[in-house]
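Coordinate-derived values only; no laboratory data. For clarity, every value in this text was computed on a predicted model and none was experimentally measured. No Cβ is skipped: glycine too gets one built from the backbone with ideal geometry, and neighbour counts run over all protein chains shown.
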Amino acid sequence: MRKKTVLFIVGPTAVGKTALSLSLADRLNGEIISSDSRLFYRGMDIGTAKPSAAEQTAVPHHLIDICDPDETITLGSYQDKVYRLIEEMGESPSRMPILVGGTGQYMRAIVEGWGIPRVPPHPHLRAALEELGGEELGRWLRALDEQTAVRLDVRNMRRVIRALEVILVSGQRMSVLQRKTPPPYPFIIVGLRRGRELLYQRIDERVDRMMEAGLLAEIEQLREDGYGRWLPSMSGLGYRQLWAYLDGEMTLPEAVERIKFETHRFVRHQNNWFKPTDPRINWFDLDVMEETAVVDAIVTLCDDLKVLE
């Protein structure tokens, strides 16, 4: 008996992944697993375009609101959680896992089965290694893990220290731990796209809706709750620009325009993860096809796979 099929919906910010995933979940009896790291955080709803309470009630959602803004979910922890959810859904033949998100690194870590060292940070060890200096660290890494030393830029002290930390704590080389082991699930990867100008227009309109919905008040509440500007969770689009406004570094109109500009740039970065030439991705252009036609085509893809579950 083959493993349960997993549907993955990817694409840039504001392309329309959420709406399509809800329609697909209805047709395929699916449950949605978030593949967007911004949705992990409680109290950060508007700026992350989190699915509404009604949407989350209509379709089961997973990995949303699973930590506070001052907590961290590592890539390895996320990978473990996703595989566990897929296995749990595999116990019920009628439930289809649907992963949805625009974080390309997360998609590849799941689909390709990245080996991710489960070694937590050791601040004292890192501080001691830093004192050795870049040249000595490079020699250590070449002696202990030549493969990683060749692959890394040894001038990047942060990455060299991390590789040495993994070796010294776990006793295993990073080059061994990072080997890929693809999971035993058949993946159908669907990519959504739109023309750049229309996508930028959708982004700008969404930013305006976020401001009208109270994004600034959301950030003020986070500050009142004791969360600081420099937390990793606050580096997301919308949050870091409005923090700058609150700290008097720019006007509110300037901050809003900066959100739009930086989101446009982020979309271009996302294209580096979701390449049109990637043979694993079935692309659909939402400027050309109606959403209902896209849903029908994806359901047909799933049916054609004829997976025994």
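One table, with the values for the structure above:
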quantity	calculated
With 10 Å bins from 0: P(r) over segment 123-177, alpha-carbon pairs, percent	27, 62, 11
Rg/Rh ratio calculated on Cα atoms of the chain (Kirkwood radius)	0.99
Value of D in µm² per second that Stokes-Einstein yields for segment 141-266, Kirkwood Rh from Cα pairs, at 10 °C (1.306 mPa s)	85
Fraction of the pair-distance distribution of segment 54-132 above 19 Å, Cα-Cα pairs, percent	54
Low-density loop cleavage sites - trypsin sites (Lys or Arg not before Pro) in segment 59-163, where at most 14 other Cβ are within 10 Å (DSSP)	118, 155
Convex hull volume of segment 1-151 per residue (C-alpha atoms, cubic angstrom)	159
The chain: Lys pairs at Cα distance under 24 angstrom, eight or more positions apart or on different chains	16
